[in-house]
Amino acid sequence: MSDTLKTLKSLRQSRQFDGRPIPTEDLQTILEVARWTGSARNRQPWHLIVVQDKQLLAELGAIRDLNIWMSNAGCAIAIAMPVPAPLGADYDEGRLSERVMLAASALGISSGTAWFVDDEQVEKARTLLNLPEDLSVTSLVVLGYAEIASGFVGHGGRKPLTEIVSYEVFGQPDA
Ligand SMILES: Cc1cc2nc3c(=O)[nH]c(=O)nc-3n(C[C@H](O)[C@H](O)[C@H](O)COP(=O)(O)O)c2cc1C
């Protein structure tokens, strides 16, 4: 299997970081990859906010109990999206997020998604990040060096292909 395929297949959510910062050169490489993400009508609707300040990382992580692990990350990239969201914005955001994670993985950097799930959390993030009214952050890609190698941190496996794929029509297995 090629290195690219290994990277694609092994990407997992990391939540345990050792606190080391991301080198500037690697961060620029990741942002450059992110810049080339495709988007609906090539709108490129995002604005990326790189958060490296440990205090701010901790405050963003504290918005939602599930995300307190953020405090030990090297940095986080908050994906600010337009309000109101244009058609396809969620899809665009997901593509960018995944690309950032894959670029990081190719550089030996682990990553995780941190998501806000309600208006109150989104408003807290808006205040912390000093966002203008026409932008909103629902997710961040958190980057760092994992204490446990990416690919072994998550406890989730995956459904087998037989459960998630049909051929020709729904419900028909491969011949
Ligand atoms: C849209 C989305 C939102 C997520 N939000 C969070 C989150 O807020 N906090 C968190 O710890 N993990 C979050 N995750 C990570 C998922 O829990 C993770 O991808 C899933 O459990 C699979 O884990 P694995 O890749 O380690 O196997 C999110 C993932 C996605 C795709």
Check: Quick one: which of Val137, Val122 is closer than 19 Å to Asp65 by Cβ, free of Cβ contacts under 8 Å to residues at least 24 places away in the same chain, within 13 Å of the ligand (Cβ to nearest atom) and of a type in the set (Val, Ile, Thr)?
Finding: Val122
Item checked: Enumeration of residues in segment 1-32 that are among the β-branched types (Val, Ile, Thr) and either out of contact with any strand residue (DSSP E or B) (no Cβ under 9 Å at 6 or more places or on another chain) or on the phi > 0 side of the Ramachandran plot (or both) -> Thr4, Thr7, Thr24, Thr29
Check: Within the bounds of segment 149-168, is there any residue that is free of Cβ contacts under 8 Å to residues at least 40 places away in the same chain, of a type in the set (A, V, I, L, M) and closer than 16 Å to Arg12 by Cβ?
Finding: yes
Note to self: Which of the numbered conditions does Trp69 fail, given that it passes all the others? Conditions: (1) of a type outside the set (Ser, Thr, Tyr); (2) closer than 23 Å to Asp90 by Cβ; (3) within 16 Å of the ligand (Cβ to nearest atom).
What the structure shows: (2)
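Residue-wise test of (1) within 15 Å of the ligand (Cβ to nearest atom); (2) among the charged types (D, E, K, R); (3) touching a residue at least 40 places away in the same chain (Cβ under 8 Å).
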{"site": "Leu8", "(1), (2), (3)": "yes, no, yes"}
{"site": "Arg12", "(1), (2), (3)": "yes, yes, yes"}
{"site": "Thr29", "(1), (2), (3)": "no, no, yes"}
{"site": "Thr37", "(1), (2), (3)": "no, no, yes"}
{"site": "His47", "(1), (2), (3)": "no, no, yes"}
{"site": "Leu60", "(1), (2), (3)": "yes, no, yes"}
{"site": "Ile63", "(1), (2), (3)": "yes, no, yes"}
{"site": "Ala80", "(1), (2), (3)": "no, no, yes"}
Checklist line | Qualifying position, being of a type in the set (S, T, N, Q), in contact with a Leu (Cβ under 8 Å, 6 or more places away or on another chain) and surrounded by 16 or more Cβ atoms within 10 Å (Cβ to Cβ), among Ser139, Ser110, Ser97 | finding: Ser110
Next item on the list: Being closer than 28 Å to Asp26 by Cβ, in contact (Cβ under 8 Å) with a residue 12 or more places away in the chain and away from the ligand (no atom under 14 Å from the Cβ) narrows it down to one of Ala89, Ala103, so name that one.
Entry: Ala103
Checklist line | One residue from Arg20, Arg41 being modelled with pLDDT of 95 or more, closer than 26 Å to Pro132 by Cα and among the basic types (Lys, Arg) | finding: Arg41
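The values are calculated or read from the model by the stated rules, or taken from the named source; none is laboratory data. Only a predicted model underlies this, so the values are computations on that prediction, with no experimental measurement involved. Methodologically, a virtual Cβ is constructed for each residue, glycine included, from the backbone with ideal geometry; neighbour enumeration extends over all protein chains shown.
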